[in-house]
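Asker: Structure incoming, see below.
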Amino acid sequence: MIVVKKLLFVLGTRPEVIKMAPVIRAARAAGHATTLLHTGQHREMAEDMLAVFGLRPDIDLAVMEPNQSLFTVSARILERFAPVFERDRFDMILVQGDTTTAFMGALAGYYTKTPVAHIEAGLRTNDKFSPYPEEMNRRLVGSLCDLHFPPTERARKNLLAMGVAAKNIHVTGNTVIDALFWALEMPHEPSPEIWPALGGNHRLILVTTHRRESFGEPHRRVFRALREIVDSAPDLKLLLPVHPNPNVRNEVASMLDHHPRILLTTPLGYLDFLHAMKRATLILSDSGGVQEEAPSLKKPVLVLRETTERPEGVESGALKLVGTDPELIYNEAIRLLTDPAAYAAMTGKENPYGDGQASQRILRSIELFFA
């Protein structure tokens, strides 16, 4: 017999909502009491995702302010946790990934002696400034939590290397694949904003880039390469949803605006983005979620980073690191666009990040923890 537990799901960004949603669904289906706490770290993008999956926060910390620093957002989240735990107690806190929300949620669990479970645990680049601040967030969460759910065997070994007890580590796959399969079953009509990119017989390149370490000259190098790629063939179009960060927005506008075959849009809703990935011939991205999702859609990804905490995709051949070197970006993109054998080598792989059953494995491990 399963004992009903009070589970607090802490989320605040778009990726956290995507990757938490299948676990929340599984917990509710099993009859557990679920409370959703939204920090508001990403306001509009996270709210769009909550609507897609039919979720409504029970608690909203509303911490988001324009151009806030890591100091202020961290302090504000942690401070606003205090009255939540003064009002109520929970059997377990669940955090996801490597955000400031996840770190502060785990720290709140430690302060209140509440068990913490970490979804997508054990990812490492071993460079504390890349990605920044995500690499240190995930390391610090790992030192604070009680249950660790790494998506892969490599991530499990990373946790063992930092001294986590094997009995507290459960390899589950990544819940982003659960969410992907769930979302692909939803009826959806793409928005008019992206129809110029989705319609027609052209080949489509989909690009996302938003990492802090790429602001400034690294981004400018990437954008120079993108223009050259699009100019290399008249049947190429490029779709770039622009991250709301003003640093990214200004850099994109200064270098890519007004090109007839480059479509710059506002950030896409989740379902629109999945349809764009399905339509794309090639994806260039610094997003961790894209690295995980694209192999399930059989799309090659050139990763716009010098390192990745998802090396399994690189080792399988489904991903290739190109960093922000414009010559390397251009050459690798052209190779995939002109060499069918090279393209097939990257797209004929099984997804190393999951099979769509991660959420069920996570829930079983939580129930065994309490049993």
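Laboratory data are not the source of any read-out in this text; all were calculated from the coordinates shown. Quick caveat, the model's predicted, so the values are computed rather than measured. Virtual Cβ from ideal backbone geometry, glycine too; neighbours counted across all protein chains shown.
Asker: Given an 8 Å cut-off on Cα distances and at least 6 residues of separation, report the relative contact order of the range 192-347 as a percent.
Answerer: Computed value for the range 192-347: 25 percent relative contact order.
Asker: Do the sum for the chain: with -39,500 (n - 2.57) for every DSSP H run of n ≥ 4, divided by all residues, what is the mean residue ellipticity at 222 nm, to the nearest 500 deg cm²/dmol?
Answerer: Mean residue ellipticity at 222 nm (helix-derived): -14000 deg cm²/dmol.
Asker: Kindly express, to the nearest 10 degrees and within the range 0 to 90, the angle between helix 134-144's C-alpha long axis and the longest C-alpha principal axis of the chain.
Answerer: The angle comes out near 20 degrees.
Asker: Helix 358-370: angle to the longest alpha-carbon principal axis of the chain, degrees 0 to 90, nearest 10?
Answerer: The angle comes out near 20 degrees.
Asker: Provide the packing ranking of 307-320, 252-265, i.e. peptides ordered by the mean count of other C-beta atoms within 10 Å per residue, highest first. Don't jump to the answer; show the numbers that get you there.
Answerer: Working: 307-320: 19.4, 252-265: 15.1.
Packing proxy ranking, top to bottom: 307-320, 252-265.
Asker: About the Cα centre, and with charges only on the beta carbon of Lys, Arg (+1) and Asp, Glu (-1), how big is the dipole of the chain? Nearest 20 debye, please. Each step should come with its number before you reach the end.
Answerer: Working: 42 positive and 44 negative charges, 120 e Å.
That gives the chain a dipole magnitude of about 580 debye.
Asker: Sort 228-237, 200-209 by the packing proxy (mean of other Cβ within 10 Å over each peptide's residues), most packed first.
Answerer: 200-209, 228-237
Asker: Which translational diffusion coefficient, to the nearest whole µm²/s, is obtained for the range 192-347 from the Stokes-Einstein equation, given a Kirkwood hydrodynamic radius over C-alpha pairs, 4 °C and 1.567 mPa s?
Answerer: Working: Rh = 15.4 Å.
It comes out at roughly 84 µm²/s.
Asker: I've got another one for you. With only Lys, Arg, Asp and Glu charged, each at its Cβ (+1 for the first two, -1 for the last two), find how big the charge dipole of the range 192-347 is about the Cα centre; round to the nearest 20 debye.
Answerer: Here the size comes out at about 320 debye.
Asker: Using packing as a proxy for protection, rank 95-106, 73-84, 339-350 so that the peptide with the highest average count of other Cβ atoms within 10 Å comes first.
Answerer: Per-residue Cβ counts within 10 Å, averaged per peptide and sorted highest first, yield 95-106, 73-84, 339-350.
Asker: Shifting gears a bit: Taking all pairs of different Cα atoms in the range 294-356, averaging 1/r and flipping that mean, what Kirkwood radius in angstroms comes out?
Answerer: 12.0 Å
Asker: Remind me, relative contact order of the chain in percent, using alpha carbon pairs under 8 angstrom and six or more residues apart?
Answerer: Computed over the chain, the figure is 15 percent.
Asker: Cα to Cα, under 12 Å, and not fewer than 8 places away if on the same chain: which aspartates and glutamates meet these conditions relative to LYS5?
Answerer: ASP91, GLU367
Asker: Please report the net charge: other residues with Cβ closer than 14 Å to the Cβ of HIS275, K and R +1, D and E -1.
Answerer: -2
Asker: Can you compute log10 of I(q)/I(0) for the range 148-203 with the Debye formula, treating each Cα as one identical point scatterer, at q = 0.27 Å⁻¹?
Answerer: -1.02
Asker: Sticking with this one: Of the options PRO151, PHE103, ALA29, report the single residue whose Cα projects farthest towards the positive end of the charge dipole of the range 1-155 (beta-carbon charges: Lys, Arg +1; Asp, Glu -1).
Answerer: ALA29
Asker: How are the Cα pair distances of the chain distributed, in percent, across 20 Å bins from 0?
Answerer: Pairs per bin, as whole percents: 29, 59, 12, 0.
Asker: Taking only the alpha carbons of the range 1-79, what extent do you get along each of the three principal axes, in Å, biggest first?
Answerer: Extents along the principal axes, in whole Å: 48, 26, 16.
Asker: Helix 246-256: angle to the longest alpha-carbon principal axis of the chain, degrees 0 to 90, nearest 10?
Answerer: 20 degrees
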